[in-house]
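Taking it in order: structure first as structure tokens, then the write-up.
The values are calculated or read from the model by the stated rules, or taken from the named source; none is laboratory data. Computed from a predicted model, the values in this text were never measured in an experiment. Backbone-built Cβ (ideal geometry, glycine too); neighbour counts: all protein chains shown.
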Amino acid sequence: MNFRGRSLLSMADMSRKEIAELIGQAEDIKTNKERPDLQGKSLGMIFEKPSLRTRVSFTVAMNQLGGSCVDLDKVIGIGSREPFEDVIMVLSRYFDALAIRTYSQGRLLDFVGSANIPVINALSDQEHPCQALADILTITEHIGNSAEVELAYVGDANNVAASLAIAAASLGMNSRFIFPVGYNLPEWVAHEASVRAAESKARFLISTDLRSSLPGANVVYTDVWVSMGQEDQISQKIMDFDGYMIDEAMMSLAEKDAIFMHPMPAHYGEEVPDRFLIDYPRSVTFDQAENRLHVQKALLASILQNATREG
């Protein structure tokens, strides 16, 4: 895989082959079959939204690969002390890549337009490709061959759902995305996933019927109903998503050995019951969190191109 010098803004930026190769590379890194070397490389992080897993996993990934990582959002004053373009052009002289977490995909594109180094989407309002890659690695570890995967995503048609739909369809995973009436993936995401599913000979479905969509699923995935920046919609969304909580009764409708996935953080009492991520015996949510580290190592190694294979 040669991702050198490229930005990752959307799962649609990666071909089926590139996704598969990056997941394979992440598996090799996780099992110490590959040891990338990013000594002398540097990553700048600009996070305009709160973050735990993304911020920490990028930082640890760069440190463990021998590079350096600098957290910038609280110190550089983008657009206040200096014009936006000036700041980004200066950062492009210091860093080899930037990871950006922002409220708007448009703002992410502004960063790309001003930077002459690769930019990684660490979450925007439209997509979360780094999360989807970790999810695919987790599913592969627990289920195996993509053709054996029956994925049911339940909840909001948010950034995680968008990236996951494209990634799953690319690799030939059968998937169904279940949303309440009035919620749906953006038209371009549904089209992209449908095209990729046709190419990989997978099924990609969108439904509002939760109970009829769970039978046969061996992966059940949910996420928060109210994403960051949507706090003013809490009351309406709780009403709209009534009946869409994933609990043991809902999991019993899926395959007996179905795994449960959630990208975290969870809103207990809404999309899941209290402590469900920890207590449910087939929960793999903490595997997902760990795998953020491994896929981001693979992504950084591919972009910065100092990886060396062993064995």
Scanning for something in contact (Cβ under 8 Å) with a residue 40 or more places away in the chain, within 19 Å of the chain's Cα centre (by Cα) and more than 19 Å from Thr140 (Cα to Cα), does region 195-205 turn up at least one residue? no
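If we only count helices (runs of 4 or more DSSP H) wholly inside region 101-212, which ones have 3 or more residues that are surrounded by 22 or more Cβ atoms within 10 Å (Cβ to Cβ)?
Working: elements: 105-114, 129-142, 159-170, 187-200.
Of the helices (runs of 4 or more DSSP H) lying wholly inside region 101-212, those with at least 3 residues that are surrounded by 22 or more Cβ atoms within 10 Å (Cβ to Cβ) span 129-142, 159-170, 187-200.
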What pairs come up if the first residue lies in region 38-67 and is under 11 Å from Ala122 (Cα atoms), the second is part of a strand (DSSP E or B) and of a type in the set (Lys, Arg), and their beta carbons are under 7 Å apart, counting only those six or more places apart or on different chains? Phe47/Arg101; Glu48/Arg101; Lys49/Arg101; Ser51/Arg101; Thr54/Arg101
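Being within 14 Å of Ser7 (Cβ to Cβ) and of a type in the set (Phe, Trp, Tyr) narrows it down to one residue among Phe84, Phe111; which is it? Explain how you work it out, then say what you get.
Numbers: Phe84 fails: within 14 Å of Ser7 (Cβ to Cβ).
Going through Phe84, Phe111 in turn, just one is within 14 Å of Ser7 (Cβ to Cβ) and of a type in the set (Phe, Trp, Tyr): Phe111.
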Check Tyr94, Tyr153, Tyr103 and return the single one that is modelled with pLDDT under 95, of a type in the set (Phe, Trp, Tyr) and at negative phi. Tyr103
In region 271-311, how many residues are within 26 Å of Asn121 (Cβ to Cβ), at pLDDT 95 or above and assigned to a loop (DSSP other than H, G, I, E, B)? 2
Residue within region 264-281 that is out of contact with any strand residue (DSSP E or B) (no Cβ under 7 Å at 6 or more places or on another chain) and under 30 Å from Gly67 (Cα atoms) present: yes
Return a yes/no flag: does region 243-252 have any residue that is at pLDDT 95 or above, polar (S, T, N, Q) and more than 22 Å from Gln126 (Cβ to Cβ). yes
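Residues Ala122, Ala190, Ala147: which one is on the phi < 0 side of the Ramachandran plot, at pLDDT below 95 and not basic (Lys, Arg)? Can you show your working first?
Values: Ala122 fails: at pLDDT below 95; Ala190 fails: at pLDDT below 95.
After ruling out the rest, the residue left standing is Ala147.
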Checking Gly24 against (1) out of contact with any helix residue (DSSP H, G or I) (no Cβ under 8 Å at 6 or more places or on another chain); (2) small (Gly, Ala, Ser); (3) outside any helix (DSSP H, G or I), which test does it fail? (3)
Flagged in region 41-65 as modelled with pLDDT of 95 or more, farther than 28 Å from Leu171 by Cβ and in a loop (DSSP other than H, G, I, E, B), in numbering order, are Lys41
When you scan region 212-224, do you find a residue that is touching a residue at least 60 places away in the same chain (Cβ under 8 Å), under 19 Å from Ser124 (Cβ atoms) and in the same structural domain as Ala161 (by TED's automatic domain parsing), even just one? yes
Please identify the pairs in which a residue from region 153-171 that is closer than 13 Å to Ile139 by Cβ and assigned by TED's automatic domain parsing to the domain that holds Val189 has its Cβ atom under 6 Å from the Cβ atom of a residue that is of a type in the set (S, T, N, Q) and outside any loop (DSSP other than H, G, I, E, B), counting only partners at least 6 apart or on another chain. Ala168/Ser175; Leu171/Ser146
